[in-house]
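The values are calculated or read from the model by the stated rules, or taken from the named source; none is laboratory data. Computed from a predicted model, the values in this text were never measured in an experiment. Reconstructed Cβ throughout: ideal geometry from the backbone, glycine too, with neighbour counts over all protein chains shown.
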Amino acid sequence: MYSFGRQGENKGKKSKDEGREMEKKRSSTMIKRQSIIGMPVIEGRTGKRLGMVRDVYTSGQNARLEGFYVTNGGWGKKFIGIPFMDATIGYDMILTEGEFPGNNRFPEDSGGLKDFLNKEVLREDGKQLGQISDILLDPLTGKVEALELSESIFGDLVSGRRILPWQPFEHPEGDMLVITLEQADSILPCDKGIKNIFFNKL
């Protein structure tokens, strides 16, 4: 999709154009945290592959994507931190502006929004709503938009996963997240799953 075959000014201009194009393509959709992991990271001016996204750093306090943990064979198990503000998220790669020193790091205690993953979600009256399977982000701003809920393998197949719009939650500690009736009413279905696909065609 993106070519980095030539050196020089034309290539630099092309990389900027590609960055703008990726922004346009991403402007009307959200992206899952899990889909970012494994993306190659490319330096826009030279086309050099800097590595692969091993994980993302999200700030729980700001509910925002702050950067990417990137690794390759040269760094071994040591990760380099690339700030979100210096990168553009495309459909199949992360495009950066410049290289980053090997000692560029984020805080060791990433915690934050990752602590929500795999929590069981309960409505305040005790009804089980599913498990948090992913975090949905705005690829342009890095803002956390929603949490993805998975009911079960069978439930996901039939009804698809659901989306819980992000808002500050009062009691995120432990293995469960208890939400209010109003928050539960804001949960949205995805247009996936056998049932949703069938009824959408009617």
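Between V121, V144, V178, the distinction of being surrounded by 11 or more Cβ atoms within 10 Å (Cβ to Cβ), under 17 Å from I37 (Cα atoms), modelled with pLDDT of 85 or more and not assigned by TED's automatic domain parsing to the domain that holds R54 belongs to V144 only. Determine whether the stretch 8-28 contains at least one residue that is under 30 Å from F169 (Cα atoms) and at pLDDT 90 or above. No; the residues of the stretch 8-28 include none that is under 30 Å from F169 (Cα atoms) and at pLDDT 90 or above. In the stretch 156-166, how many residues are surrounded by 14 or more Cβ atoms within 10 Å (Cβ to Cβ) and either assigned to a loop (DSSP other than H, G, I, E, B) or modelled with pLDDT of 65 or more (or both)? Here the count works out to 6. The residue that is surrounded by the fewest Cβ atoms within 10 Å (Cβ to Cβ), among those in the stretch 109-118 that are at pLDDT below 85 and assigned to a loop (DSSP other than H, G, I, E, B), is D109.
Go through the residues of the stretch 92-108 one by one and say whether even a single one is at negative phi, at pLDDT 85 or above and surrounded by fewer than 18 Cβ atoms within 10 Å (Cβ to Cβ). Checked against the condition, which is being at negative phi, at pLDDT 85 or above and surrounded by fewer than 18 Cβ atoms within 10 Å (Cβ to Cβ), the stretch 92-108 yields at least one hit.
G60 meets all of the listed conditions (1) surrounded by 18 or more Cβ atoms within 10 Å (Cβ to Cβ); (2) under 15 Å from the mean Cα position of the chain (by Cα); (3) of a type outside the set (A, V, I, L, M); (4) modelled with pLDDT under 85 but one, namely (1). Once the stretch 134-153 is narrowed to residues that are assigned to a loop (DSSP other than H, G, I, E, B) and of a type outside the set (D, E), the residue that is farthest from the chain's Cα centre (by Cα) is S152.
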